[in-house]
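The values are calculated or read from the model by the stated rules, or taken from the named source; none is laboratory data. This structure is a prediction, so every number in the text was calculated from the model and none was measured. Virtual Cβ from ideal backbone geometry, glycine too; neighbours counted across all protein chains shown. Keep in mind that these areas ignore ligands, DNA and RNA; they rest on the heavy atoms of the full protein, side chains included. Shrake-Rupley method; radii C 1.70, N 1.55, O 1.52, S 1.80 Å.
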Amino acid sequence: MASSDTSAEIPTRHPSGPVAVPGLKPFAMLMGIGAPDARRWAAMGESLLIGDQPMDDLVDWMIGTGMADTRPLFEQAVARGIDSVTDAPQPLREFFTAVETPPAWLDEEMLRRGEQVLRRGGYDGLYLARDVSFLGGYLASGFNKTLLRTGALEKGPAQRFAETMQWALDVQNGMGKFEPGYRSTLHVRFVHSLVRRHVGAMPDWDERAWGVPINQTDMAATLVGALIAPFVGGLVMGIVPSREDREAAVHLARYVGRLMGVADEWLPTGFRDSVRILYHTMTAITNPDETTRQLALPMANDPLTWNYPNLPWLRGRIARAQHLSISSMYLGPRAMRKLGLWPYMPPWYPVLRVPVNLARSAATRISPAARQRAAERGLREQAAFKKLLVGSGPAEVGMSAHHLQATG
């Protein structure tokens, strides 16, 4: 499936001007970031029609040649490099030669520091990703159109978030060539292309209205929403990383985005630039509709069914209130209503966490050993939260789209 021609008319989901974004505008203004200019606004509309040409072309070739023969070659190249594939077919070699050639701007030391910074997020980093980025993302109904057509309601919110969380855990455990994050990100890119092909071919997919499934504008918002937005939210909850740590996290996100197939123009070059991309894209894609409540309500109630070792009835209700207190504080009453949720929950959990996180943030400034201890603690907390979501079950990246991978 080739990416769509940008000379086509901009999809009607693109609004005539920037729309209100819950929670982000004050922070953007504080950083001197205004509304997108006319050129940027037009680019976001045009990018709704652009997928990921290199990956889409490779998937076209893989399916045309036969997935049973080409998929093992793809997996071998992901795990061990294209040079490990004997007599690699030209389409595969071209794709992986580009992927395996590091960009001139890549700094390995900053990449490693960024991985450690993400590990230090622990419980609260994941909570912000889930309760603000993930839940708030349902306000962007363009995402929802694709999600629902891949069976999102049947999979359940715990499984969907656990798979996304597993990708994030892989990223922070190594983005070097052939390391977990590298392999996981390329698998996500592959699955995105299969979804783009599958959903785009559905008779009820309206490209004139919605653009290409998993397009460049949506991917840019997802990248910074998943990896950088929790840093923005964390500042309010007392998680205050150093300037060097923030820049390292963005450097990591930039490289992840490159491997994910995000175009250079949408890759963040620094923390301020990442906030600009997040704010600008969200002013263009925040358009709640009936799908917003369809996806948000099950996620809000999902804590009631998590895998608690004891007192599940009580702990489930406390957890639901806890996570809604985070969502309510950051998203605000208006957005909560659009999500179909109770408009206000006292922010008791974020308030309780401020002194704890401030003390921990101060400790990470003391020494490399303190930062390492914080990263180890964060890993333990993240593993415990994953277990709470899926118990002993799997949460493999792309598992929810396994039916597409089997057939292409």
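So for the stretch 376-398 (the condition being at pLDDT 95 or above and polar (S, T, N, Q)), does at least one residue qualify?
There is no residue in the stretch 376-398 that is at pLDDT 95 or above and polar (S, T, N, Q).
Go through (1) open to solvent by less than 20 Å² (accessible area, probe 1.4 Å); (2) closer than 18 Å to N301 by Cα; (3) small (G, A, S) one by one and return the number of the condition S133 breaks.
(1)
Can you list the helices (runs of 4 or more DSSP H) found entirely within the stretch 152-220 that contain at least 2 residues being open to solvent by less than 50 Å² (accessible area, probe 1.4 Å) and among the hydroxyl-bearing types (S, T, Y)? It would help to see each step written out before you state the result.
On the way: elements: 152-155, 157-172, 180-200, 207-210.
So the answer is 180-200.
Given the criteria in contact (Cβ under 8 Å) with a residue 24 or more places away in the chain and either buried (at least 18 other Cβ atoms within 10 Å of the Cβ) or farther than 30 Å from Q372 by Cα (or both), does I63 qualify?
It is true that I63 is in contact (Cβ under 8 Å) with a residue 24 or more places away in the chain and either buried (at least 18 other Cβ atoms within 10 Å of the Cβ) or farther than 30 Å from Q372 by Cα (or both).
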